[in-house]
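Q: Here you go, one structure.
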């Protein structure tokens with residue numbers, strides 16, 4: 001090894017002596033620090049040199065900061081800052097909590113007791129138990145206030161901690177103490193189970209018109225959608241409403257599978273990455289043979305817009321509601337061994353007609369604005385003017 005290589009190796013070793021820089025090395029694992037004639041490229045070396053500034057900053061903090069420093073938080077903060085420097089709100093560093101939350105969202109399941117919770121006057125209130133889960137079977141009800149988990153007092157100030165305590169390994173026990181109006185405190189001993197988040201809801205509304213609500217696209221969504229659609233078709237529906245309002249998106253492959261079930265043969269969506277590489281998702285010749293309406297609004301984003309754009313371009317249905325969000329970017333999640341990760345934007349996606357809707361959104365065929373008073377409450381089908389417009393359009397097509 002040459003003196004130049006030894007000098008460089010020492011310089012890099014100095015840079016990596018702190019926990020902060022040691023952890024950062026995970027990101028740069030592919031760089032060949034040792035061995036070979038070319039240790040690092042010029043650009044890689046210049047980038048690594050930027051980390052030298054972290055050492056004096058860390059020293060200043062250790063010597064001057066008034067309270068004890070949590071080095072793990074320094075690491076997370078440094079990594080978040082580096083990724084935030086890209087300037088893309090969808091490219092983010094995921095700490096352990098962020099990564100766990102995202103995995104729960106995309107995988108559609110977790111081990112726990114099955115409760116949606118919220119904040120009420122500083123207390124943790126049960127919004128609703130999830131159907132057929134340990135909490136539901138034990139009799140925990142909407143409105144119950146969770147006051148203790150495993151004997152430890154909890155409040156909404158530490159909501160994340162309380163939720164984490166309720167989660168755990170499948171088959172293990174957890175004790176919840178709740179306060180119920182008129183009953184006082186009640187103890188529940190629950191066995192944690194695998195909780196599958198239901199992202200698809202279906203129903204038959206007036207005149208044999210089917211309704212499917214998709215709340216997000218996780219790993220179970222396309223299978224649940226296909227089952228719901230098959231059940232509705234078996235009941236003899238003559239038209240279908242797919243509700244994508246306030247659906248923030250999710251997994252592209254799940255969206256593509258649902259689109260394939262609805263559309264005829266053709267391109268559902270294609271993406272182009274930073275190298276100009278094009279990748280296409282296609283549908284076969286099978287398609288839905290009843291009139292279709294999609295409900296969309298400003299909360300319909302990403303995968304919801306892929307499905308909406310494909311239906312629009314295929315002329316396979318009518319879009320009703322308000323303009324969609326306008327997210328035409330695709331992300332990939334790259335995990336690290338310590339259960340953190342990076343979510344990075346890797347491509348732009350394009351509708352079948354070649355439109356990238358990033359920052360633009362999709363305008364519906366028929367614009368119907370939901371009144372402000374109806375945006376924050378649960379509406380019956382008869383009260384929802386967007387659903388009523390969908391029924392009107394489908395009835396006209398069914399004639």
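Q: Yes or no: segment 38-61 includes at least one residue that is at pLDDT below 55 and farther than 23 Å from residue 334 by Cα.
A: The initial filter retains those residues of segment 38-61 that are at pLDDT below 55, namely 38.
Right, trim to farther than 23 Å from residue 334 by Cα and you get 38.
Taking every residue of segment 38-61 in turn, at least one turns out to be at pLDDT below 55 and farther than 23 Å from residue 334 by Cα.
Q: Here's something else I'd like to know. Based on this model, can you work out whether residue 332 counts as under 26 Å from residue 92 (Cβ atoms) and either assigned by TED's automatic domain parsing to the domain that holds residue 229 or in contact with a helix residue (DSSP H, G or I) (Cβ under 6 Å, 6 or more places away or on another chain) (or both)?
A: Numbers: under 26 Å from residue 92 (Cβ atoms): yes; either assigned by TED's automatic domain parsing to the domain that holds residue 229 or in contact with a helix residue (DSSP H, G or I) (Cβ under 6 Å, 6 or more places away or on another chain) (or both): yes.
The answer is yes for residue 332.
Q: Does at least one position in segment 159-176 carry a residue that is under 17 Å from residue 111 (Cβ atoms), at pLDDT below 90 and in a strand (DSSP E or B)?
A: For segment 159-176, residues under 17 Å from residue 111 (Cβ atoms), at pLDDT below 90 and in a strand (DSSP E or B): absent.
Q: Mind listing just one residue for me: the one in segment 177-201 that is in a loop (DSSP other than H, G, I, E, B) and on the phi < 0 side of the Ramachandran plot and, of those, farthest from the chain's Cα centre (by Cα)?
A: Here is the first cut: in segment 177-201, the ones in a loop (DSSP other than H, G, I, E, B) are 181-183, 192, 197-199.
Remaining after also requiring on the phi < 0 side of the Ramachandran plot: 181, 183, 192, 197-199.
On the way: 181: 35, 183: 38, 192: 23, 197: 12, 198: 14, 199: 12 Å.
The qualifying residue farthest from the chain's Cα centre (by Cα) is 183.
Q: Which of the numbered conditions does residue 198 fail, given that it passes all the others? Conditions: (1) under 30 Å from residue 380 (Cα atoms); (2) in contact (Cβ under 8 Å) with a residue 60 or more places away in the chain; (3) touching a strand residue (DSSP E or B) at 6+ places or on another chain (Cβ under 6 Å).
A: Checking residue 198 against (1) under 30 Å from residue 380 (Cα atoms); (2) in contact (Cβ under 8 Å) with a residue 60 or more places away in the chain; (3) touching a strand residue (DSSP E or B) at 6+ places or on another chain (Cβ under 6 Å), the one that fails is (3).
Q: Among the residues that make up segment 355-378, is at least one of them out of contact with any helix residue (DSSP H, G or I) (no Cβ under 8 Å at 6 or more places or on another chain) and at positive phi?
A: Going through segment 355-378, the residues out of contact with any helix residue (DSSP H, G or I) (no Cβ under 8 Å at 6 or more places or on another chain) turn out to be 356, 358-360, 363-364, 367, 369, 372-373, 375-378.
Among the residues that remain, those that are also at positive phi are: 359.
Checked segment 355-378: at least one residue is out of contact with any helix residue (DSSP H, G or I) (no Cβ under 8 Å at 6 or more places or on another chain) and at positive phi.
Q: Same structure again: Restricting to segment 101-111, give me the number of residues that are surrounded by fewer than 19 Cβ atoms within 10 Å (Cβ to Cβ) and either modelled with pLDDT of 85 or more or part of a strand (DSSP E or B) (or both). Even if it seems obvious, please write down each step before you answer.
A: Of the residues in segment 101-111, the ones surrounded by fewer than 19 Cβ atoms within 10 Å (Cβ to Cβ) are 101-107, 109, 111.
Applying the additional criterion that residues be either modelled with pLDDT of 85 or more or part of a strand (DSSP E or B) (or both) yields 109, 111.
Result for segment 101-111: 2.
Q: When you go through (1) within 17 Å of the chain's Cα centre (by Cα); (2) under 20 Å from residue 269 (Cβ atoms); (3) exposed (fewer than 15 other Cβ atoms within 10 Å of the Cβ) one by one for residue 343, which number turns out not to apply?
A: So residue 343 meets the others, but not (3).
Q: State which residue is surrounded by the fewest Cβ atoms within 10 Å (Cβ to Cβ) when the search covers only segment 112-130 and only residues that are in a loop (DSSP other than H, G, I, E, B) and in contact with a strand residue (DSSP E or B) (Cβ under 7 Å, 6 or more places away or on another chain).
A: Narrowing segment 112-130 to residues in a loop (DSSP other than H, G, I, E, B): 113-114, 121-122, 130.
When the remaining residues are screened for being in contact with a strand residue (DSSP E or B) (Cβ under 7 Å, 6 or more places away or on another chain), the result is 113-114, 130.
Working: 113: 25, 114: 25, 130: 17.
The selected residue is 130.
Q: Here is a follow-up. Of the residues that sit in segment 202-231 and are part of a strand (DSSP E or B) and under 26 Å from the mean Cα position of the chain (by Cα), which one is surrounded by the most Cβ atoms within 10 Å (Cβ to Cβ)?
A: Let us first name the residues in segment 202-231 that are part of a strand (DSSP E or B), namely 202-205, 209-214, 217.
After this cut, where a residue has to be under 26 Å from the mean Cα position of the chain (by Cα) as well, the list is 202-203, 211-214, 217.
Values: 202: 17, 203: 13, 211: 23, 212: 20, 213: 18, 214: 27, 217: 31.
Ranking the candidates gives 217 first.
Q: Separate question: Output the number of residues of segment 63-91 satisfying the condition of being touching a helix residue (DSSP H, G or I) at 6+ places or on another chain (Cβ under 9 Å), over 18 Å from residue 339 (Cα atoms) and not in a loop (DSSP other than H, G, I, E, B). Don't jump to the end; show me each part of the working.
A: Initial filter on segment 63-91 (touching a helix residue (DSSP H, G or I) at 6+ places or on another chain (Cβ under 9 Å)): 69, 71-72, 74-76, 78-79, 82, 91.
Applying the additional criterion that residues be over 18 Å from residue 339 (Cα atoms) yields 69, 82.
Next cut, not in a loop (DSSP other than H, G, I, E, B) only: 82.
Qualifying residue count, segment 63-91: 1.
Q: Could we say that residue 344 is assigned by TED's automatic domain parsing to the domain that holds residue 236, over 14 Å from residue 256 (Cβ atoms), at pLDDT below 95 and assigned to a strand (DSSP E or B) here?
A: Numbers: assigned by TED's automatic domain parsing to the domain that holds residue 236: yes; over 14 Å from residue 256 (Cβ atoms): yes; at pLDDT below 95: yes; assigned to a strand (DSSP E or B): yes.
Against the criterion (assigned by TED's automatic domain parsing to the domain that holds residue 236, over 14 Å from residue 256 (Cβ atoms), at pLDDT below 95 and assigned to a strand (DSSP E or B)), residue 344 qualifies.
Q: Continuing with this model, one more query. Being assigned to a helix (DSSP H, G or I) and either in the same structural domain as residue 314 (by TED's automatic domain parsing) or buried (at least 20 other Cβ atoms within 10 Å of the Cβ) (or both) is the requirement here; does residue 240 meet it?
A: no
Q: I'd like to verify a number: residues in segment 261-300 that are over 29 Å from residue 384 (Cα atoms) and outside any loop (DSSP other than H, G, I, E, B), how many?
A: To start, the set of residues in segment 261-300 that are over 29 Å from residue 384 (Cα atoms) comprises 264-286.
Narrowing the set further to residues that are outside any loop (DSSP other than H, G, I, E, B) leaves 266-273, 278-283.
Number of matching residues: 14.
Q: In segment 368-384, how many are in contact (Cβ under 8 Å) with a residue 12 or more places away in the chain and surrounded by 13 or more Cβ atoms within 10 Å (Cβ to Cβ)?
A: Taking segment 368-384 as the starting set, the residues that turn out to be in contact (Cβ under 8 Å) with a residue 12 or more places away in the chain are 368-371, 381, 384.
Next cut, surrounded by 13 or more Cβ atoms within 10 Å (Cβ to Cβ) only: 368, 370, 381, 384.
Residues in segment 368-384 being in contact (Cβ under 8 Å) with a residue 12 or more places away in the chain and surrounded by 13 or more Cβ atoms within 10 Å (Cβ to Cβ): 4 in total.
Q: Only one of 208, 275 is closer than 21 Å to residue 396 by Cα and without any contact (Cβ under 8 Å) to a residue 40 or more places away in the chain. Can you tell me which?
A: Details: 275 fails: closer than 21 Å to residue 396 by Cα.
Testing whether each residue is closer than 21 Å to residue 396 by Cα and without any contact (Cβ under 8 Å) to a residue 40 or more places away in the chain leaves just 208.
The values are calculated or read from the model by the stated rules, or taken from the named source; none is laboratory data. As the structure is a prediction and not an experimental result, all values here were calculated from the model. Neighbour counts run over all protein chains shown; Cβ positions are idealised from the backbone, glycine included.
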